[in-house]
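Working notes for the structure below.
The values are calculated or read from the model by the stated rules, or taken from the named source; none is laboratory data. Note that the coordinates shown come from a computational prediction; the quantities given were computed from them, not determined experimentally. In this analysis, Cβ positions are derived from the backbone assuming ideal geometry, glycine residues included, and neighbour counts consider all displayed protein chains. For the accessible areas, the whole protein counts, side chains as well, though only heavy atoms, and no ligand, DNA or RNA atoms are used. Shrake-Rupley method; radii C 1.70, N 1.55, O 1.52, S 1.80 Å.
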Amino acid sequence: MMTAPSPLSADLLARFRAIVGDKHAIMDGNEKAPYLVEERGLYQGSSPLILRPGTTDEVAAICKLATETRTPLVPQGGNTGLVGGQIPHHGEILLSLRRLDKIREVDASSSTMTCEAGVILANAHVAAEKAERIFPLWLGSEGSCTIGGNLSTNAGGIAALSYGVARDLVLGLEVVLADGRILHGLSKLKKDNTGYDLRNIFIGAEGTLGIITAATLKLFPKPHTMETAFVGLASPEAALKLLNLSQASAGAALTSFELIADIAVQFALRHGPGLRAPLSESHPWYVLMEISSPRDDARALIEDALEAAMEAGLVDDAVIAANLDQRKAFWTLREVISPAQKPEGGSIKHDVSVPVAAVPQFIADADTAVTKLMPGARPVAFGHLGDGNIHYNVSQPVGADKAAYLAQWHEVSDAVHAIVRQHGGSISAEHGIGVLKRDELPHVKDPVALDLMRALKHTLDPLNILNPGKVV
Ligand code: FAD
């Protein structure tokens, strides 16, 4: 457990400020405020100083001084993380990486792009598109989150089904270690078997093992055709069969496959301005699926899959987006589901994964457990069925007291996570551990894996300078 560090002296703060220059060292309370609270307002941090370095060398100098003076640092990218990992909970210095925002190179022939850590994900997309390529990591937060944050959380987006999660999209990393040494690993090589894969140690480490300052990312050809369908069906079982059938016919061209409960669509339609229901009638469940192909055949592939599914009685109704605007409308509906839960009152959230085949049973078991625990609670399940990753959120009963409802967070989470474990799943599919799930990790992680994680932390950061109190 982390203990609060003693207040940092004015002299020490001045030494840190001198590294980045006063212009990029924030001490004013109002200017600091947006860095200290996270998206959901679950955590409010405090910090005497926010450092905004502009180069890798400045990051290295900051880490060196931090180690010399045993001063803890909390790295932060776009501050969109959902587990409190980027917030200084104990008055640490906050290290904002957002000024490291250069795209150092786009190498279309090698299909690589080298970005600094503070590059906003949406800007990386634009740079890839200019070279007729795509960087296939798409998240609802892409207008604010950064490449460094995406890699540090090993983010998974809506196309992970086909292209993989952030970890799968990286070839090389540049990392500043706790003692200020720089690991120069910006390789473009797909094949390099010269020892341990150090890159993967830092991906998903949530800033506890090193500061990622740049990354060489994989690019992919732009699909030639793309088709998106919104499908109504009776159950998650039917959706799973549709997934298997679509993968069998479209293979890796099936890039997204999202499962959405009717209540999630109802929330989105109720609270998302200007949204319209894609289908004329409501259905218990929906699938939002997308096929992207390098050839002219996306339309034929999606039609074949849906026709076969209808013949098999799996699909009740479906509409294929007629144009880009309609495609966008389908995806907006999906993205609005998260914010649309807020006006419905308290929401107890779970970001879990189970083997793909176990998703229907997981949802059924979790619904039973949650409604037994809290009659009237409203499970809102949606997420990336193709990755076995369900955001299993539970909205409060209509008219219930929000604070009293949220006070039962741990009880509900324990019940849901127990079912996740029964199915061989993970309590954190996408968002990481941070502080939100730190105390639960020892109960769910293999003890040998935990020992190795602690040993790695001790080797790379023996003085516990980097993001102390997070993850392990
Ligand atoms: P931050 O929030 O700033 O930091 C996250 C963690 O990484 C912290 O522990 C921080 O200390 C560490 N960190 C940040 N930068 C560095 C660095 N350069 N070096 C070392 N450590 C660093 N997540 C998904 O996986 N999939 C989704 O689909 C998704 N959708 C979202 C939608 C919304 C609306 C929101 C608000 C969040 C969503 N997220 C999603 C969560 C979040 O956007 C991701 O975790 C994202 O990768 C965080 O990036 P960031 O730059 O904001 O990092």
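What to note about this one:
- The lysines within cross-link reach of LYS372, meaning a Cα-to-Cα straight distance under 20 Å and a gap of 8 or more places when in the same chain, are LYS349, LYS402.
- Amide H partners (placed H, <5 Å) of SER256, local residues excluded: GLU290
- Karplus-derived 3J(HN,Hα) values for segment 288-293, using 6.51 cos²θ - 1.76 cosθ + 1.60 with θ = phi - 60°, are 10, 10, 9, 10, 10, 10 Hz; glycine and proline are entered as x.
- Per residue value of the accessible surface for the chain (all protein chains in place, 1.4 Å probe), Å²: 43
- Between 0 and 90°, nearest 10: helix 447-460 axis offset from the chain longest Cα axis: 40
- Additional length obtainable on full extension of the chain from VAL444 to ARG421, 0.36 nm per residue less Cα span: 7.5 nm
- Extending 7 Å from the Cα toward the beta-carbon at both ALA312 and ASN464 defines two label points whose distance is 5.3 nm.
- To put it simply, the accessible area of the chain at a 1.4 Å probe is 53 percent carbon and sulfur.
- HN-Hα J in Hz across segment 61-74 - Karplus 6.51, -1.76, 1.60, θ = phi - 60°, x for Gly and Pro: 5, 5, 5, 4, 5, 4, 5, 4, 10, 6, 9, x, 10, 10
- With the gyration tensor restricted to C-alpha atoms of the chain, the semi-axes of the equivalent ellipsoid amount to 38, 27, 20 Å, longest first.
- For the residues TYR196, TYR35, a 1.4 Å probe over the protein chains yields an accessible-area ranking, largest first, of TYR196, TYR35.
- In this structure the amide hydrogen of VAL380, modeled in the peptide plane, comes within under 5 Å of the amide hydrogens of ASN393, VAL394, SER395, none closer than 5 places in sequence on its chain.
- Once the Cα atoms are used to define both axes, helix 121-130 deviates from the longest principal axis of the chain by about 70 degrees.
- Packing-based ranking, highest mean first, of 275-283, 298-306 given that Cβ atoms within 10 Å are counted: 298-306, 275-283
- Helix-only mean residue ellipticity at 222 nm for the chain, each DSSP H run of n ≥ 4 adding -39500 (n - 2.57), per residue, nearest 500: -10500 deg cm²/dmol
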